[in-house]
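Colleague: The structure's right below; bear with me while I get my questions together.
No value in this document is a laboratory result; all are computed from the given coordinates. All values derive from a computational prediction rather than experimental measurement. As a convention, Cβ positions derive from the backbone with ideal geometry for all residues, glycine included, and neighbour counts pool all protein chains shown.
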Amino acid sequence: MASMPIDSPLIDEESDVPVDSRRRFELLEDCREIVVSRMSRAISEALEKMSDELTALALKKTKREEQAILLEAVSLVRQHRPEIELRFRRSFVDVFERRMFRRGAATAGTPDLDSELALVDEDEVESRLAVTRIVSRSSSKLDPDEVLGVRARLAALVDSDWFEEDSHPASPEAVFEALKIAVNSLAQSKEIQSTLMEAFEPYVSSGLNRVYANVNETLKSNHVLPRIKPRAVVSRPQAPKPQAAVSAATGNSAGQVQDGAGAWHGGSGAGQGGAGAVQGGGGAGPGRQQMQLLETFEDLVRQLQEGRGDARRDAARILSDPQSFGVADLPLPAVEQPLVEAIDSLQQFAAGEVAVSGALLEELLEQAHNKGSSLDQMTVEIVAMVFDYIYQDKLVPDLIKQQLLRLQVVAVKAALLDRSFFARRQHPMRQLIDRISEIATDPDSEINPASPLLVGLREIVDAVLANFDRDLAVFESALRRVDLISFAESERRASQLAELTREAQRAETLAVAHDAARSEIRARCDEATPEFARDFLDGWWAQVMADARMRPNAMDSDFEDMIALCEQLLWSVAPKSPDEIPVLAAMLPRLIGGLMRGLQVTAISKEEREKFFNDLLQWHAKSISAAKEAPAGARTRTAQVLSVGADGAVRFDPSRRSSTAAAALQEPLGSLAESMLDDAARGDQLDLTLEDGTVARVKIAWIGPSRKLFALTRYPDIARSIGRRELADLFAGGRASWIDNTSATDRAIDALADGVEAAAA
């Protein structure tokens, strides 16, 4: 049998239930969230540990130059960690979408390594080759079956052939492309850039393996290629370019493509490549599914002209559905030019603060009715409803809403010029609205009329209103300025957060030491240990043991002394034989004195301390009486984890504890609410009900490496750390709840997908 080509696509000949287009889009959204959030978390974990790892590596280097590079990399990570995390997530979302829908060329940050290397300087060539080697090493660590599954199943979501190995949306190339964009602007030195890429590689590799497994399982369980079989490729002839695509490609000034009725235009009329370009199939025009969708939409527009209200809802669904419109890039009719000219005049008016009133919206709707097509009217109405939804959003402060409402007029014009506004999350105008809303809803943002944040946002809105004509790059420039404001806000909070983080790190380290001490104690307890002694050791003596390990200049012998006292206490309350009474009597003075001295580092009250020692005294008295009544030489237990030698020292033998006792003494499993905290990430927001009944929105500003402690902040009055168990209890008791991190426009447009009336409501 002939061997199968390596580049054969993967198909499923036994798929059972076909997945409809709407469900495919929902799965695509789910997979994108899995990939982006999990990889962002992997990068966050890498940055958490990278400083220590690079510092340790620097100490091993003998050459001063190598040490200097590593220490500079450490400094960059410590100073710019939040910005690196933010830039990576944003860049990775962009890279994912571009690769998923095969749009555009590679970014300037990741040029083609095989093209004209001779024209690039030597350092740049070496830098590119270094990243290529890192990507190759990362790829070699991935499970090939999982990789093939992701390549085939993600392609199936967009009704396409499988992705090439190095070009699928979640490939190592995609991750390192986003990392380069995030890092290169901060690290000018090629050596530091390469150092950081090397340090990221292990975390990227392990993170991708987890991501691939999760994505494949999600898609298989939803009947997307549940069984993948290889099949040889039969190349298909490429369809000739339709005249529409040729006109768009040659820049036809009219930009029009007419059907028999002369109703459709293939371009925005403004030289933009958004709604007008037909991008499916490598420039070959829309396929059968897209043409059917186009005919459906054309019919809906005719119904709009006839005043059919339900047509508006159905057309809005198509416009806001990335699976149907955002991927297909339907050649919708261009906006009427008189309407654009009228909006240009309104845009000048909107430069003033009076634009926040309803008069501007009424004027926009009137102009659309008088000078626009039915589709133009509907577009203006939907944009207005999006902004109305944002205006009703209680998460967005009023001062920010005023600035967002000033952007209504340019948002309307942007949506008319490029009708993919509703379907594409990466539309620059949508990104700008979302980014402003995101900063506005950040509990740590300082928002008042004179705050640097609000002053800066007002200047950005002024610039957009003054400069936007037809080029969407204006919004991209504004977005970069918003990111700078966001970074300045994070820098402003850096000193306060650094102090809180230091305190939280020490508290978590102490919590880890406390848990380790409790584990040591539990290992020495058994089913015969009295409850009062178990509670004392688990509560107070664990603190003493943790302090012995954590205090400055602590020595191993200090911790061992505290363990020895724990063992003596446990042996003293165990059942005794007659010949052990003298040993116990000799031990008690040292034991009591050691316990009293150890408790000095705790906050135990006088009453609680006296109660414990009284209980201990009574227990010893009963134990001695019981031993005296036992026959000489009798042993009350045959298997003891603690025993006393001839020298009077207590010895611990864990092998003598029964398996049932060991299982009974294990740490109890965490609650469901506690396990949910495993998915919590820095930047997540939650509502907390305070003691006075008020609700405060806070942000997770820091999570300890062991996830035992969380730092919560809100400007200007909340900055506290909270233990994992305490936070879980707040969720379980209904006093804490997660905040939906969906963007403002996403929430509005999702409502549109369920019907225009829902958005208006």
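Colleague: Rounded to a whole number, what is D in µm²/s for region 399-546 from Stokes-Einstein with the Kirkwood radius over alpha-carbon pairs (25 °C, 0.890 mPa s)?
Modeller: The diffusion coefficient I find is 126 µm²/s.
Colleague: Can you divide the C-alpha Rg of region 480-628 by 2.2 N^0.38 Å and report the result to two decimal places?
Modeller: After normalising by residue count via 2.2 N^0.38 Å, the value is 1.48.
Colleague: Same structure again: If you wrap a convex hull around the alpha carbons of region 329-485, what volume per residue comes out, as a whole number of Å³?
Modeller: Considering the Cα atoms of region 329-485, their hull volume per residue is 102 Å³.
Colleague: Can you tell me which of 476-482, 436-442 comes out highest on packing, and rank the rest after it, using the mean Cβ neighbours within 10 Å?
Modeller: 436-442, 476-482
Colleague: Remind me, what semi-axes does region 346-437 give for its equivalent ellipsoid, largest first in whole Å, using sqrt of 5 times each Cα gyration tensor eigenvalue?
Modeller: Here the semi-axes work out to 20, 17, 11 Å.
Colleague: Taking the Cβ-Cβ separation of GLU491 and ASP462 as r and a Förster radius of 22 Å, what is the calculated FRET efficiency to the nearest 0.05?
Modeller: Calculated value: 0.40.
Colleague: While we're looking at this one, here's another question. I need the per residue convex hull volume for region 357-397, using only the alpha carbons, in cubic angstrom as a whole number.
Modeller: Given the Cα convex hull of region 357-397, per-residue volume reads 51 Å³.
Colleague: Once amide H atoms are placed 1.01 Å from N in the peptide plane, what residues at a sequence separation of 5 or more from SER577, or on another chain, have their amide H within under 5 Å of its amide H?
Modeller: Amide H to amide H, under 5 Å and 5 or more residues apart or across chains, SER577 pairs with THR636.
Colleague: Have a look at region 545-626 and give its Rg and Dmax from the Cα atoms, expressed in angstrom.
Modeller: Radius of gyration, then largest Cα-Cα span, for region 545-626: 14.2, 45 Å.
Colleague: Here's a follow-up. Please compute the alpha carbon radius of gyration of region 495-539, then divide it by the globular-protein estimate 2.2 N^0.38 Å. Two decimals is fine.
Modeller: Ratio of Cα Rg to 2.2 N^0.38 Å: 1.67.
Colleague: Using a 10 Å cut-off on Cβ atoms, rank the peptides 702-713, 185-196 from the highest mean neighbour count down.
Modeller: 702-713, 185-196
Colleague: Note down the net charge around GLU146, summing +1 for each Lys or Arg and -1 for each Asp or Glu among other residues with Cβ under 12 Å from its Cβ.
Modeller: Spelling it out: positives minus negatives among the neighbours equals +2.
Colleague: Additional query: Would you mind putting 595-607, 198-210 in packing order, based on average other-beta-carbon counts within 10 Å, highest first?
Modeller: Packing proxy ranking, top to bottom: 198-210, 595-607.
Colleague: Continuing with the same structure: Can you list, bin by bin at 5 Å, the percent of alpha carbon pairs in region 171-217, starting at 0?
Modeller: Calculated P(r), rounded to whole percents: 5, 21, 27, 21, 13, 8, 4, 2, 0.
Colleague: Quick one: what does P(r) look like for region 475-552 with 10 Å bins over all Cα pairs, in whole %?
Modeller: 16, 27, 18, 14, 12, 9, 3, 0
Colleague: Here is a further query. Thinking of region 36-93 as a set of Cα atoms, what percent of all their pairs are more than 14 Å apart?
Modeller: For region 36-93, the share of Cα pairs beyond 14 Å comes to 57 percent.
Colleague: If Lys and Arg each add +1 and Asp and Glu each add -1, what is the summed charge of the other residues whose beta carbon sits under 11 Å from the beta carbon of LEU709?
Modeller: Here the charged neighbours net out to +3.
Colleague: Tell me which of ILE604, GLY593, ALA574 sits at the most positive position along the dipole axis of region 553-606, charges placed on C-beta atoms (Lys, Arg +1; Asp, Glu -1).
Modeller: ILE604
Colleague: Let me ask something additional. Give me the net charge of LYS371's neighbourhood, meaning all other residues with Cβ under 11 Å from the Cβ of LYS371; Lys, Arg count +1, Asp, Glu -1.
Modeller: It works out to a net charge of -4.
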